[in-house]
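S.K.: Starting off with a structure, shown below.
The values are calculated or read from the model by the stated rules, or taken from the named source; none is laboratory data. This one's a predicted model, so the numbers in the text were calculated from it and none came from an experiment. We place every Cβ from the backbone using ideal geometry, glycine too, and count neighbours over all the protein chains shown.
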Amino acid sequence: MIRRGAEAPRRRWRQARAHRGFLAGLSLVSLFALASALAPLLAPYDPRWVPTGDQAATLLAPGSQHALGTDVLGRDLLSRVLYAGRVTLSIGIGVELVAAAIGCLVGLVAGYFGGWLDGVLMRATDTVMAFPSLVLAIGLIAVFEEPGLEKVFLVLIALGWTTIARVVRAEVLSQKNREYVQAARAVGVPDSIVILRHLLPNCLGPLLVAATIGVGSNMVAEAGLSFLGLGAQPPTISWGAMLAEGQTFLTAAPWVAIFPGLALLLTVLGVNLLGDGLRDLLDPRFRKW
Amino acid sequence: MLSEWGSAIGRRLLALAPVLLGITLLVFVLNAVALGDPARAALGQRADPEVVRQIREQYALDRPLPVQYVMWMRRLARGDLGHSYHQQRPVTEIIADRLPPTVHLALAATLVSIVLGMSAGALAAARPGTALDHALVGAAVLGISTPVFWLGMMLSLVFAVSLGWLPVSGYGDGDLGHLVLPALTLGALHTGTVARMTRSSLLEVVRLDYVQAARAKGLGEWAVLGKHALRNALIPVVTVIGIGLADLLVGAPLTETVFAWPGLGRMLVAAVGQRDLPVVMGAVLIFAVVYVLGNLLVDLAYLVIDPRTRAGAAE
């Protein structure tokens, strides 16, 4: 169904511009990515600066001095929300890059070679997916002596590759008996070239969709683990860790919990809209939502 | 007929075996890696060497790992999940204490997501393309993207702190008031998925011939949807309830932490903090087994709803 030639990308882009969900997602993600990237320029205060003496400003409500208010130590929430975005977004994207690479490799190898190799790899995938993800993540974190962001990174990679592996394998299975693959193999093209030149490019659409959704779940998982105290530790600032503080002061200073959560919600919403949009645009089987 | 059922159920049970084996193997390996020397880890650095030796012998910790795995599996089969040195109680006992609150919460949350999700989905499907439809679809996407623990805090902020209608947190005596906010929170994530699935599935079904026929007979739109379309739309909805199980189990540790709910999830989180590894691994194992068995139930539900799944060897 994929038509090649110069027309295809241009048509895709035209469709993309007409897809409201995709556009909304793209705008939200770009907005928060930019805001996080430019945090050092945009943040009005040092996110870790604790004002003391007559400057002390604990749990100030949002106002002219502090647009989003301050936390219990008097630190500026806007600055903290901006800097925390860097942590959550880099985890979301960084984890997915590694996980997608691993999952892609596993899926290609399992789907292409089949046999016992496929059996072993898919049983491994099934096993990881047989656990509710956050619960296995908590169990994996427990293996380490101390929690920390770098452990969250490793743990989320250990969980994330499985979805990608399944998606890529399914795609390879549907492609590998097509004529173009058979022809390539018949004329003696080596397996590695068949995989990389012929099968991989045809997996990219579903791969991109799955990886985008994956970025969203990574961010939610990081926030959840940090909220539970099993992720980012001070002085690292993450939306999840800020929310844990926010819960403590929910009655006295609700803004401490409201703003990091809104930032997380809007970013995840953006990523999900982007993923849904990509699926509509790249996969003709899904055209409804 | 009966043998058809038998073989269909048998096939699914058979497929379960490697998954259960994989789960136990993974938890066992995690446990082994986490503990290093389990006896010393369990008893602490200043433990009496004689006691350490006894524990080692009792749990065969000086034997090769495969032997240890087999012995561990034997204990599992007897329902022995080990002993929490932190709490001085068997892990099974601790889990049994914490299970009922989690089950209450999970059932209530499922009810919330099915009732709210299916009504929203049906409402949207009845008037596709209208403002109501768009609003409901938007709300569904929003619900899916909202982090559970943040939603829990916001609900608590509005309904407990500001309005004072419901308790902020805690289990109470298991009364309904304490259950409402946690159930709404835990159910919300999944409500969006159920709504989306119900809507698209209904829209798919209403285009089919027999629904058109029902309409041609002069049945009202709601009768068509309710009596004819909904039953067939149920098949994907069962899938979604199956997926919902994952949402429930993932959301449990977070929701229970927000609302100080004395369930398994909060126990798991607390145990990680206390480095009470037998409890951590026991809980992880229980969560996984519940998840796998839940999915089995969903598969079996298919057999009942959709006769096509009973025949044929394919999955």
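S.K.: Quick check on region A:167-189. Is at least one of its residues surrounded by 17 or more Cβ atoms within 10 Å (Cβ to Cβ), part of a helix (DSSP H, G or I) and of a type in the set (Lys, Arg)?
M.R.: Taking every residue of region A:167-189 in turn, at least one turns out to be surrounded by 17 or more Cβ atoms within 10 Å (Cβ to Cβ), part of a helix (DSSP H, G or I) and of a type in the set (Lys, Arg).
S.K.: So, one more: Considering every residue within region A:217-229, establish whether at least one is facing chain B (nearest Cβ under 10 Å) and either outside any helix (DSSP H, G or I) or among the acidic types (Asp, Glu) (or both).
M.R.: yes
S.K.: Looking at region A:122-141, can you tell me whether even one residue there is more than 13 Å from chain B (Cβ to nearest Cβ), part of a helix (DSSP H, G or I) and surrounded by fewer than 24 Cβ atoms within 10 Å (Cβ to Cβ)?
M.R.: The answer is no; no qualifying residue exists.
S.K.: Could we say that B:ALA122 is hydrophobic (A, V, I, L, M, F, W, C), assigned to a helix (DSSP H, G or I) and farther than 25 Å from A:VAL268 by Cβ here?
M.R.: When the stated conditions are applied, B:ALA122 passes them.
S.K.: Next up: Being free of Cβ contacts under 8 Å to residues at least 60 places away in the same chain and more than 14 Å from chain B (Cβ to nearest Cβ) is the requirement here; does A:PRO235 meet it?
M.R.: no
S.K.: Can you work out which of the residues in region B:280-301 that are in contact (Cβ under 8 Å) with a residue 60 or more places away in the chain and more than 10 Å from every other protein chain (Cβ to nearest Cβ) is farthest from B:LEU14 (Cα to Cα)?
M.R.: The extreme case among them is B:GLY282.
S.K.: Could you pull out the residue among B:SER162, B:SER156 that is in contact (Cβ under 8 Å) with a residue 24 or more places away in the chain, within 25 Å of A:ALA263 (Cα to Cα) and within 14 Å of chain A (Cβ to nearest Cβ)?
M.R.: B:SER156
S.K.: What is the one condition in (1) in a helix (DSSP H, G or I); (2) more than 7 Å from chain B (Cβ to nearest Cβ) that A:GLU146 does not satisfy?
M.R.: With (1) in a helix (DSSP H, G or I); (2) more than 7 Å from chain B (Cβ to nearest Cβ) applied to A:GLU146, the lone miss is (1).
Here's the yes/no breakdown for (1) at pLDDT 75 or above; (2) touching a helix residue (DSSP H, G or I) at 6+ places or on another chain (Cβ under 9 Å):
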| residue | (1), (2) |
| --- | --- |
| B:GLY44 | no, no |
| B:ALA47 | no, yes |
| B:ASP62 | no, yes |
| B:ARG75 | yes, no |
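S.K.: State whether one or more residues within region A:195-211 are buried (at least 21 other Cβ atoms within 10 Å of the Cβ), more than 11 Å from every other protein chain (Cβ to nearest Cβ), in contact with a Lys or Arg (Cβ under 6 Å, 6 or more places away or on another chain) and touching a residue at least 24 places away in the same chain (Cβ under 8 Å).
M.R.: Yes.
S.K.: Taking region B:132-185 as the search range and keeping residues that are among the polar types (S, T, N, Q) and surrounded by 21 or more Cβ atoms within 10 Å (Cβ to Cβ), which one is nearest to A:LEU274 (Cα to Cα)?
M.R.: Looking at the filtered set, the residue picked out is B:SER145.
S.K.: Follow-up. Anything in region A:238-250 that is touching a residue at least 24 places away in the same chain (Cβ under 8 Å) and assigned to a loop (DSSP other than H, G, I, E, B)? List them, or say none.
M.R.: A:SER238, A:PHE249
S.K.: Shifting gears a bit: Pull up region A:15-45, narrow it to residues that are within 13 Å of A:GLY277 (Cα to Cα) and surrounded by fewer than 12 Cβ atoms within 10 Å (Cβ to Cβ), then point me to the one that is modelled with the highest pLDDT.
M.R.: A:ARG20
S.K.: In this structure, is B:ALA188 crowded, with 20+ Cβ neighbours inside 10 Å, within 14 Å of chain A (Cβ to nearest Cβ) and more than 25 Å from B:THR257 (Cβ to Cβ)?
M.R.: Criteria not met by B:ALA188.
S.K.: Does region A:278-288 contain any residue that is in a helix (DSSP H, G or I), facing chain B (nearest Cβ under 8 Å) and under 21 Å from B:GLY143 (Cα atoms)?
M.R.: No, region A:278-288 has no match at all.
S.K.: If you don't mind, another one. Within 30 Å of B:LEU245 (Cβ to Cβ), among the small types (Gly, Ala, Ser), touching a helix residue (DSSP H, G or I) at 6+ places or on another chain (Cβ under 6 Å) and not in a helix (DSSP H, G or I) - does that describe any residue in region A:87-94?
M.R.: Within region A:87-94 (the criterion being within 30 Å of B:LEU245 (Cβ to Cβ), among the small types (Gly, Ala, Ser), touching a helix residue (DSSP H, G or I) at 6+ places or on another chain (Cβ under 6 Å) and not in a helix (DSSP H, G or I)), the answer is no, since none of the residues qualifies.
S.K.: Further question: I'd like the full set of residues that are more than 12 Å from the chain's Cα centre (by Cα) and surrounded by 24 or more Cβ atoms within 10 Å (Cβ to Cβ), limited to region A:82-99.
M.R.: Passing the criteria: A:LEU82, A:ALA84, A:GLY85.
S.K.: Could you list all residues from region B:255-281 that are under 16 Å from B:HIS104 (Cα atoms) and not polar (S, T, N, Q)?
M.R.: Across region B:255-281, the qualifying residues are B:GLU256, B:PHE259, B:ALA260, B:TRP261, B:PRO262, B:GLY263, B:LEU264, B:GLY265, B:ARG266, B:MET267.
Every residue, every condition in (1) more than 10 Å from chain A (Cβ to nearest Cβ); (2) among the β-branched types (Val, Ile, Thr); (3) under 18 Å from B:THR185 (Cβ atoms), yes or no:
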| site | (1), (2), (3) |
| --- | --- |
| B:GLY242 | yes, no, no |
| B:LEU248 | no, no, yes |
| B:LEU254 | no, no, yes |
| B:PHE259 | yes, no, yes |
| B:GLY263 | yes, no, yes |
| B:ARG266 | no, no, yes |
| B:VAL269 | no, yes, yes |
| B:VAL272 | no, yes, no |
| B:ASP276 | no, no, no |
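S.K.: With the structure loaded, tell me whether A:GLY231 is over 20 Å from A:PHE153 (Cβ atoms) and surrounded by 18 or more Cβ atoms within 10 Å (Cβ to Cβ) or whether it fails that test.
M.R.: So A:GLY231 fails the test.
S.K.: Now a separate question. Of B:GLY79, B:GLY138, which residue is in a loop (DSSP other than H, G, I, E, B) and of a type in the set (Gly, Ala, Ser)?
M.R.: B:GLY79
S.K.: A further question follows. Could you list, in sequence order, all residues of region A:251-268 that are without any contact (Cβ under 8 Å) to a residue 12 or more places away in the chain and not in a helix (DSSP H, G or I)?
M.R.: Selection gives A:THR251, A:PRO254.
S.K.: List every residue pair whose Cβ atoms sit under 8 Å apart, with the two residues 6 or more apart in sequence or on different chains, where the first one lies in region B:131-150 and is facing another protein chain (nearest Cβ under 7 Å) and the second, anywhere, is of a type in the set (Asp, Glu).
M.R.: Sorted first by the residue in region B:131-150, then by its partner, the pairs are B:VAL141/A:ASP276.
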